[in-house]
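A.B. asks: Starting off with a structure, shown below.
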Amino acid sequence: MAKLSAAEKYLVNLIQAQRSKVQKMSITQLSEYANVSTATVVRTAKKLGYSGFTEFRHALAHPDQKSPEYAILRQVDSKIKQVILQNQVEMERTIENLNEATIDEAIMQIQKAAAVYVFARGLSEMIAEEVTLKLQLVGKYAEMFRDPNIIMTIARRIRPGSVVLIITLNGETPELVAAAKILDQNDVPIVTFTTNGEAPIIQYTDTLFLGFQSKTTYFSEYEVHSRLPLQIMTRILLDAYVVRTT
């Protein structure tokens, strides 16, 4: 762990003494309460091994959830450790967001559907391909579409009796939102996997899987944010589908 400054040590001691109060605070509230800058709060969290304040506050709220002592974490420097822990947080927070009712509802929609259509664009297409293949392997009629023009055409043709799975990281891709609107008008059930709780596609969604996405990206010039939350949610749904139906 990096050496703490006097202000950072004071903040750590305050947090330890007031854990129950601090875990409910925003970063601004904590900085005002401790009379330190928000930069000090973030710097302290990172020196303690967390990717930022959000992950640090989560750890305070769930002290019983011990972080596994991965051997790699004892071998790498702090920057690589931050990368590893960021993935851990995305996984844990995404799983926390899931609930049994959502999984059961999606299983039921897929089970009773005559056909399953999977829509995705960009890097999410790889996850959609895996979802489609796994559905086909368990005997479900499934097709996957990635081309924007074809997605719009197919959306107009699909009728009730089928179900559409839409895999979209930000839930804002224009053709996916437009397709979801058409499907909603035609009373076709939609199961959406996304990490954006305010995405426009949600208003047309029947069953929502909402994952947690870290704001940190190491490819800032490109739209290549982590799809790990989408992979986790789709895998859980498909594994649960097999368990419930075979």
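A.B. asks: Between a first residue in the range 180-196 that is assigned by TED's automatic domain parsing to the domain that holds Met108 and a second residue that is among the acidic types (Asp, Glu), which pairs have beta carbons less than 8 Å apart while being 6 or more apart in sequence or on different chains?
C.D. replies: Hits for this filter: Pro189/Asp206; Ile190/Asp184; Ile190/Asp206; Val191/Asp206; Asn196/Glu172.
A.B. asks: Quick one: which helices (runs of 4 or more DSSP H) sit completely within the range 3-56 and have at least 2 residues that are within 25 Å of Ile80 (Cα to Cα)?
C.D. replies: So the answer is 6-17, 38-47.
A.B. asks: Ok, one more. With the condition kept exactly as written, say whether any residue in the range 192-199 is in a helix (DSSP H, G or I) and modelled with pLDDT under 95.
C.D. replies: Looking for residues that are in a helix (DSSP H, G or I) and modelled with pLDDT under 95, one finds none in the range 192-199, hence no.
A.B. asks: Now a separate question. Please work out if Leu73 is hydrophobic (A, V, I, L, M, F, W, C) and at pLDDT 75 or above.
C.D. replies: For Leu73, the condition - hydrophobic (A, V, I, L, M, F, W, C) and at pLDDT 75 or above - is not met.
A.B. asks: Would you pick out the residues in the range 82-112 that are within 18 Å of Leu183 (Cα to Cα) and without any contact (Cβ under 8 Å) to a residue 60 or more places away in the chain?
C.D. replies: Lys112
The values are calculated or read from the model by the stated rules, or taken from the named source; none is laboratory data. All figures in this text were calculated on a predicted structure; none of them were measured in a lab. Positions of Cβ are backbone-derived with ideal geometry, glycine not excepted, and every protein chain shown enters the neighbour counts.
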